[in-house]
Amino acid sequence: MSFRDKQLTEKEKAGILRAAEAVKQINGGKRQRVFVRTFGCQQNEADSEKILGMAVNMGYVPTEDADIADLIVINTCAVREHAEKKALSVIGQYKHCKRRKPELVIAVCGCMVSQLHRTDELKNKYPYVDFTFGTSDIHLFPQLLEERLKGGKRSFTLPPDEPAVAENIPIHRLSSYRAWVSIMYGCNNFCSYCIVPYVRGRERSRCPEEVIKEVRGLVEAGYKEITLLGQNVNSYGRDCSFDCNFSELLRRLDKIDGEWILRFMTSHPKDASFELIDVIAGSKHIAHQFHLPAQSGSDPVLKKMNRVYTREKYMEIMNYIKAKMPDCVITTDIIVGFPGETDEDFEKTLDLLSSVRYDMVFSFIYSPRKGTPAASMEQVPEEVKGVRMKKLLDLQTEIASELSAPYGGRRLRVLCCGRSQTDEGMLEGRTEGNKTVLFEGDASLEGRFVDVEVTQAGAFVLRGKLI
Ligand code: SAH
Ligand code: SF4
Ligand code: F3S
C-alpha cells in the first residue's frame, strides 16, 4: 500500500465535515456538554484531545463533571487486566447518569473496544453504552454520534484491516505549554505479551511535512515542551516511501527556532541507532533523556518475548548513550514474572538494573492478554511475581537515591507545570531529563522556564528553591 492510499479520501473527509454540521443542527443551538475520561498511555491522552476537539467543533463545551454532561466518552486501555477492569467499572458508574438523563449519549473508545470479546460484553451487559469506536476510527466519531442522535441503532465497530491516517482532526489541547504530537500509529512488533498490535493495527507514519507543520505551529503558539508519540518511534517512516527516517525527522524539527524542548516516546531497542543518539547529542532542542524499555535482562526471556535483541545489543546502545551524553536521564520498562521466568532469569534483570543504573524504572507484573502468544505459555505463580516485584522496587529505590544525591545544590532549569498534585502548596517543575522538582512560588509561573536550586535530592522527587 502506498502512502497516498493511507490518507483519508476526499469523500471520507467531506463525510466528517457534513456529520459535524448535522450534529450541530440536531442539537439546535442548545448548550451541550462533553465529558471525556481517559485511561492508558500518552497515545490515548493525545487521542482524547482529538475527541474533545471534534466535540468542540460540533458545538459541545468540555466539562469535568460527568453528572452534567450530555455526551460522555470513555477512552479505554487494554495493556493489562487491571486497566480493563478499571475502565469497565467506570463505565458502570455512568449507568445512573443515563437513568437520570435518558438523552445522554455514552460512547466508549480506545484500545479495549478493539477486541471482539469486549465489544460483545459492552453490547450485551452495558445496554446504556450507545456506541464504540477503535483507535483507528477516531475520525468516524462525528458520524457515529450523528447516527445515534438521529435515533440509529447502537453500534459496535471493530477496527478496519487497513486503517487510514487522518490529518486535520481538530485538537482541543488541555495544556497551553506542553503538547503531544503523534508521528505514527500502530505497532508491527508483536512482542509476545502485548495486546497493542492487535488493538492499534499496523504501523502508519504521518508524512514529515505534516509533523513539522504541527510542531512549528505549536512552537509559534508558545508551547515549551513537545513530545512526539508512537509505539516505536524508531521505525518512523519505514512503512512509507518518503525519504525521512526518525533521525532525519528529529534533525529537521531541531531546526525550528524558539525556546522549547523536544521529547519522544517510545523507542524499541532493536531499532535504536547510533545515528539517532548522535542526532540527540548534537541537537539544540532535544532533551537528553532516553526511555529505552528493556523488559528483561535475560536473553532466553527476551527471546520468548519476541523482543529481537539480546542483552549484549541492548548494553551496546546504553553504553553509547552514556558515552555521548553523560548527563542523559535513562529510564526503562520491566515486566516481572513473564511466563517461564526463572529465579535465575529474574536475577539477570536485577543485574541489568545494577549495570545500567536507570534514573527510573517503570515495572509491571506480567498480565496475560487474551489472544497473545504469552497468555498460553506456562505462567509464573502470582506470589512469586509479587516477591520479585518487591525485590526489584527495593533495588531500584536504592539506585535512584544514589543517582539523585549529586543533584543536591545543583542549579537546574525547569519547566514549571503548575501546582503539584501530590504536595499541595508546592509548584512542580520538570527538568530537561523529565525529573520532577518541587519548589515554592507563584502559580503564575506555570508554563515558564525557571531556575531552581536543589535543596533536597530524594530518590523520586527533587526539592528546591527558586533562584
Ligand atoms: N510501545 C511501547 C510500550 C507500550 S506498553 C514499547 O514497546 O516500549 C507499555 C509497557 O507496558 C511495555 O513496555 C511493557 O513493559 C508493559 N506491558 C505491555 N504488555 C504487558 C502485559 N501483558 N503485562 C504487563 N506489562 C505489559
Ligand atoms: Fe507492545 Fe512491543 Fe509494540 Fe511496544 S513494541 S507496543 S511492547 S508489541
Ligand atoms: Fe493502553 Fe492502548 Fe496505550 S493498550 S497503554 S492505551 S496503546
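The values are calculated or read from the model by the stated rules, or taken from the named source; none is laboratory data. Not measured: the values here are computed from a predicted model. Here Cβ is always computed from backbone atoms with ideal geometry, including for glycine, and neighbour counts include all displayed protein chains. Please note that ligands, DNA and RNA were not included when accessible areas were found on the heavy atoms of the full protein model with its side chains. Shrake-Rupley method; radii C 1.70, N 1.55, O 1.52, S 1.80 Å.
Full extension of the segment from ARG216 to LYS255, taken as 0.36 nm per residue of separation minus the current Cα-Cα distance, would add 13.1 nm. Of the whole protein surface, TYR198 contributes about 90 Å² of accessible area at a 1.4 Å probe radius.
What ranking of ARG357, ARG204 comes out by heavy-atom accessible area, probe 1.4 Å, highest first?
ARG357, ARG204
With contacts taken as Cα pairs under 8 Å and at least 6 residues apart, the stretch 1-128 reaches a relative contact order of 23 percent.
Using a 1.4 angstrom probe with every protein chain in place, what is the largest-first accessible-area order of ARG100, ARG216?
Values: ARG100 145, ARG216 110 Å².
Descending accessible area places them as ARG100, ARG216.
Neighbours of VAL113 by Cβ distance under 11 Å: Lys/Arg scored +1, Asp/Glu scored -1, total -2.
Its alpha carbons give the chain an Rg and a Dmax of 22.8, 66 Å.
For the chain, the Cys residues with no second cysteine's beta carbon closer than 4.7 Å are CYS41, CYS77, CYS97, CYS109, CYS111, CYS187, CYS207, CYS240, CYS244, CYS328, CYS416, CYS417. Other residues lying with their Cβ under 13 Å from the Cβ of LEU276 contribute a combined charge of -2, Lys and Arg counting +1, Asp and Glu -1. Quotient of the Cα radius of gyration of the stretch 4-156 and 2.2 N^0.38 Å, N being its number of residues: 0.99.
Taking a ≥ b ≥ c as the square roots of the Cα gyration tensor eigenvalues, with a/c under 1.5 meaning rounded and otherwise prolate when a/b beats b/c, else oblate, which class fits the stretch 108-192? It is oblate, given that a/c is not under 1.5 and a/b is not larger than b/c.
Solvent-accessible area of HIS285, all protein chains in place: 10 Å² (probe radius 1.4 Å, heavy atoms, ligands and nucleic acids excluded). Protein heavy-atom accessible surface, 1.4 Å probe, per residue over the stretch 392-467: 51 Å². For ILE169, the shell of other residues with beta-carbons less than 13 Å away shows a net charge of -3, using +1 for Lys and Arg and -1 for Asp and Glu.
Order 434-445, 9-20, 222-233 from most to least packed using the mean count of other Cβ atoms within 10 Å. It would help to have the intermediate numbers written out before the result.
Working: 434-445: 16.6, 9-20: 13.9, 222-233: 21.0.
Top to bottom by mean Cβ count within 10 Å: 222-233, 434-445, 9-20.
Applying a threshold of 24 Å to the alpha-carbon distances of LYS101/LYS370; LYS24/LYS153; LYS86/LYS435 flags LYS101/LYS370; LYS86/LYS435 as lying beyond it.
By DSSP, what percent of the beta bridges with both residues in the chain are antiparallel, rounded to the nearest 5? DSSP beta bridges in the chain are roughly 30 percent antiparallel.
LEU140 contributes about 50 Å² of solvent-accessible surface, heavy atoms of the protein only, 1.4 Å probe.
Filter LYS50/LYS98; LYS348/LYS385; LYS224/LYS284 down to the pairs with a C-alpha to C-alpha distance above 20 Å, please. Can you show the working numbers first?
Values: LYS50/LYS98 24 Å; LYS348/LYS385 15 Å; LYS224/LYS284 14 Å.
Going by Cα-Cα distance, LYS50/LYS98 fall outside the 20 Å limit.
Here the label points at GLU12 and LEU395, each 7 Å from Cα along the C-beta direction, are separated by 4.6 nm in the simple model.
In percent, what relative contact order does the chain have, based on Cα pairs under 8 Å that are 6 or more apart in sequence? Mind dumping the intermediate values first?
Details: 891 pairs, mean separation 48.3, N = 467.
Normalised by residue count, the contact order of the chain is 10 percent.
Across the stretch 178-189, coupling constants 3J(HN,Hα) worked out from phi with the 6.51/-1.76/1.60 Karplus curve, θ = phi - 60°, read 10, 9, 9, 9, 6, 9, 7, 10, x, 8, 9, 7 Hz, and Gly and Pro carry x. Of VAL61, VAL356, the residue with the largest accessible area leads and the full order is VAL61, VAL356 (1.4 Å probe).
What 222 nm value per residue comes from the helices of the chain, counting each DSSP H run with n ≥ 4 as -39,500 (n - 2.57) and dividing by all residues, nearest 500 deg cm²/dmol? Write out the running numbers ahead of the final one.
Working: 15 runs with 168 residues, N = 467.
Using -39500 (n - 2.57) per qualifying helix, the result is -11000 deg cm²/dmol.
What a 1.4 Å probe finds exposed on the stretch 408-466 is 40% carbon and sulfur by accessible area, rounded to a whole percent.
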